[in-house]
Amino acid sequence: LHLPVQSGSNTMLKVMARNYTREHYLALVARMRRAMPNMSLSTDIIVGFPGETEDDFQQTLSLIEEVQFDWGFIFKYSTREGTPAASLECHPESLIEERHQRCLELVDRIALAKRSKLVGTTQEVLVEENNFGRTRTNYKVHVNHHVAPGEIVSVRITNAQRATLEGELQNGNAAFGN
């Protein structure tokens with residue numbers, strides 16, 4: 001599930017004109033995870049929004065730690081003409097870039113740790129193209145054997161990379177209804 005949060009700071013969410021709070025977002029995530037414990041969750045985050053303090057940014061990092069996203073799309077704030085934020089004073093690009101890198105590093109660390117837990121497990125993979133496919137929780141997997149797009153195959157995960165898993169095709173494939 002992709003559930004954009006934008007910021008972990010209630011102050012920034014209000015400035016961004018979002019109609020939810022950090023607490024509302026965390027409660028929603030908790031309800032979804034109770035209903036689907038193995039779901040994967042991704043998000044969008046904007047760093048360096050005008051007025052974002054170091055404390056606001058730390059609240060975003062703590063939300064990322066608490067939610068444990070499987071991946072995230074981290075965007076650097078940039079002015080868009082015609083928006084209410086366009087008239088606000090922007091942070092220096094160096095500060096925005098530094099926060100962007102810190103946020104990316106945290107999301108990547110958490111995501112790699114989650115993918116690494118799949119090493120040694122067998123996953124159902126829907127092959128898309130060029131021996132790449134996706135698990136039911138949307139992790140990208142490179143399969144070590146030629147498999148036709150559209151096939152659903154059983155794959156033992158052998159390695160976890162920054163953005164993908166690697167796996168070996170298991171004997172007796174097409175075991176998932178193909």
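The values are calculated or read from the model by the stated rules, or taken from the named source; none is laboratory data. Worth saying up front: this structure is predicted, and the values here are computed from it rather than measured. Cβ atoms come from the backbone with ideal geometry, glycine included; neighbour counts cover every protein chain shown. Protein only, heavy atoms only, side chains kept; ligands, DNA and RNA dropped before computing areas. Shrake-Rupley method; radii C 1.70, N 1.55, O 1.52, S 1.80 Å.
Can you pull the percent of the chain's accessible area that's carbon plus sulfur, 1.4 Å probe, other chains left in place? Please report the intermediate quantities before stating the final value.
Numbers: 5120 of 9700 Å².
With neighbouring chains kept in place, the figure for the chain is 53 percent.
Per the Kirkwood treatment, what hydrodynamic radius in Å, one decimal, follows for the range 1-63 from the mean inverse distance over all distinct Cα pairs?
Numbers: mean 1/r = 0.0821 Å⁻¹.
The Cα-based Kirkwood calculation yields 12.2 Å.
Quick check on the range 43-172: of the DSSP beta bridges with both residues there, what percent are antiparallel, nearest 5%?
On the way: 17 of 25 bridges.
Among the beta bridges of the range 43-172, antiparallel pairing accounts for roughly 70 percent.
State the Cα centre-to-centre distance between the range 100-170 and the range 26-78 in whole Å.
22 Å
Subtracting the Cα-Cα distance from 0.36 nm times the residue separation, let me have the gained length for Tyr20 to Glu54 in nm, one decimal.
Details: separation 34, 0.36 × 34 = 12.24 nm, distance 2.11 nm.
Result for the pair: 10.1 nm of gain on full extension.
Show the residues, 5+ positions off or on another chain, whose built amide H is closer than 5 Å to the amide H of Val141.
The answer is Gly133, Arg134, Thr135, Leu165.
Give the residue from Gln68, Thr53, Thr79 lying farthest towards the positive end of the charge dipole for the range 17-117; charges sit on Cβ (+1 for Lys and Arg, -1 for Asp and Glu) and the dipole is referred to the Cα centre.
Gln68
List the trypsin sites (Lys or Arg not before Pro) in the range 71-170 that DSSP assigns to loop (not H, G, I, E or B) and whose Cβ has at most 16 other Cβ atoms within 10 Å. Which are they? Numbers along the way, then the final one.
On the way: sites: Lys76, Arg80, Arg99, Arg102, Arg109, Lys114, Arg115, Lys117, Arg134, Arg136, Lys140, Arg156, Arg162; in loops: Arg80, Lys117, Arg136, Arg162.
Answer in residue order: Arg80, Lys117, Arg136, Arg162.
Please report, in Å, the Rg and the Dmax of the range 112-154, where both are computed over Cα atoms only.
Considering the range 112-154 through its Cα atoms, Rg and Dmax are 10.1, 30 Å.
Quantify how much of the Cα-Cα distance distribution of the chain extends past 31 Å, in percent.
When every Cα pair of the chain is considered, 30 percent fall beyond 31 Å.
Whats the longest run of the chain with zero GluC sites (Glu not before Pro) that are DSSP loop and have at most 12 other Cβ atoms within 10 Å? Spell out each step's value before the answer.
Values: sites that count: Glu81, Glu89.
Formally, the longest exposed-site-free interval is 90-178.
Treating only the Cβ of Lys, Arg, Asp and Glu as charged (+1, +1, -1, -1), what charge dipole size does the range 52-146 show about its Cα centre? Round to the nearest 20 debye. Kindly include the intermediate steps, with their values, before the conclusion.
On the way: 11 positive and 17 negative charges, 136 e Å.
Dipole about the Cα centre, nearest 20: 660 debye.
Taking the Cα centre of the chain as origin, work out the dipole magnitude from +1 charges on Lys and Arg Cβ and -1 charges on Asp and Glu Cβ, in debye rounded to 20.
So the magnitude is around 640 debye.
Each residue of the range 43-59 in order: what ³J(HN,Hα) in whole Hz does its phi give by Karplus 6.51 cos²θ - 1.76 cosθ + 1.60, θ = phi - 60°, with x for Gly and Pro?
8, 10, 9, 10, 10, x, 4, x, x, 5, 8, 4, 5, 4, 5, 4, 5
Compute the accessible area per residue over the chain, keeping the other protein chains in place, probe 1.4 Å, unit Å².
Value for the chain: 55 Å² per residue.
Could you tell me how many cubic angstrom of Cα convex hull volume the range 3-104 has per residue? Let's see the in-between values first.
Values: hull volume 9.4 nm³, N = 102.
Convex hull of Cα atoms, per residue: 92 Å³.
Please give the contour-minus-distance gain from Glu81 to Arg109: 0.36 nm per residue of separation, less the Cα-Cα distance, rounded to one decimal in nm.
Details: separation 28, 0.36 × 28 = 10.08 nm, distance 3.45 nm.
Result: 6.6 nm gained on full extension.
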